[in-house]
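Notes for the one structure printed next.
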């Protein structure tokens, strides 16, 4: 925002430059013999006391706001140095005989996008249930995606866990044929 970078060395260099220019201009005006008029003595007193305190508080507030902005982007346990992501594909999965269980390691990614669709038979239906694994013993359901042919179903999730478990099973709705081919795409993103 406003072209300000997040590098502290650059910001400190700019502050030092402004202070240096201020002192150079002040020295230049003194060498010319220009004095501050007598009616400006109240400003001089203000700048030496209350104005300095105000400037220091403004500078401290700016530093705190910059620090909170810089630390808001930091999330422990997630590496932000590499960019991009990983696409994991489960194509032509057959859940008609028994549910299919899949595990995805997602601990170093920030966002998860899951897309599902059934491809066979023509108007079949399937359900993809997603579980987050906080550790090996604790697992909780986070989403059920009903997938029907031919459209894709999509779900986006902010990742705060280690693994993602998928259970792909044919739908139990009456009057709907069971899916024999299901595509599930899991995109893991570092952004």
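Listed residues 144, 117, 110, 91; which is under 13 Å from residue 165 (Cα atoms) and in the same structural domain as residue 181 (by TED's automatic domain parsing)?
From the options 144, 117, 110, 91, the qualifying one is 144.
On the given criteria, is residue 107 under 25 Å from residue 85 (Cα atoms) and not in a strand (DSSP E or B)?
On the way: under 25 Å from residue 85 (Cα atoms): yes; not in a strand (DSSP E or B): yes.
Taking the combined requirement at face value, the residue satisfies it.
Scanning segment 104-125 for residues that are farther than 19 Å from residue 157 by Cβ and touching a strand residue (DSSP E or B) at 6+ places or on another chain (Cβ under 9 Å), which turns out surrounded by the fewest Cβ atoms within 10 Å (Cβ to Cβ)?
So the residue we want is 123.
Out of the residues in segment 5-40 that are more than 24 Å from residue 52 (Cβ to Cβ) and assigned to a loop (DSSP other than H, G, I, E, B), which is modelled with the lowest pLDDT?
Once the filter is applied, the top-ranked residue is 5.
Restricting the search to segment 137-191, which residues are part of a loop (DSSP other than H, G, I, E, B), at pLDDT 80 or above and surrounded by fewer than 15 Cβ atoms within 10 Å (Cβ to Cβ)?
Passing the criteria: 151, 152.
What number goes with the only condition from (1) surrounded by fewer than 14 Cβ atoms within 10 Å (Cβ to Cβ); (2) more than 32 Å from the chain's Cα centre (by Cα); (3) at pLDDT 85 or above that residue 95 does not pass?
(1)
The values are calculated or read from the model by the stated rules, or taken from the named source; none is laboratory data. Worth saying up front: this structure is predicted, and the values here are computed from it rather than measured. For neighbour counting, all protein chains shown are included, and Cβ atoms are generated from backbone atoms with ideal geometry for every residue, glycine included.
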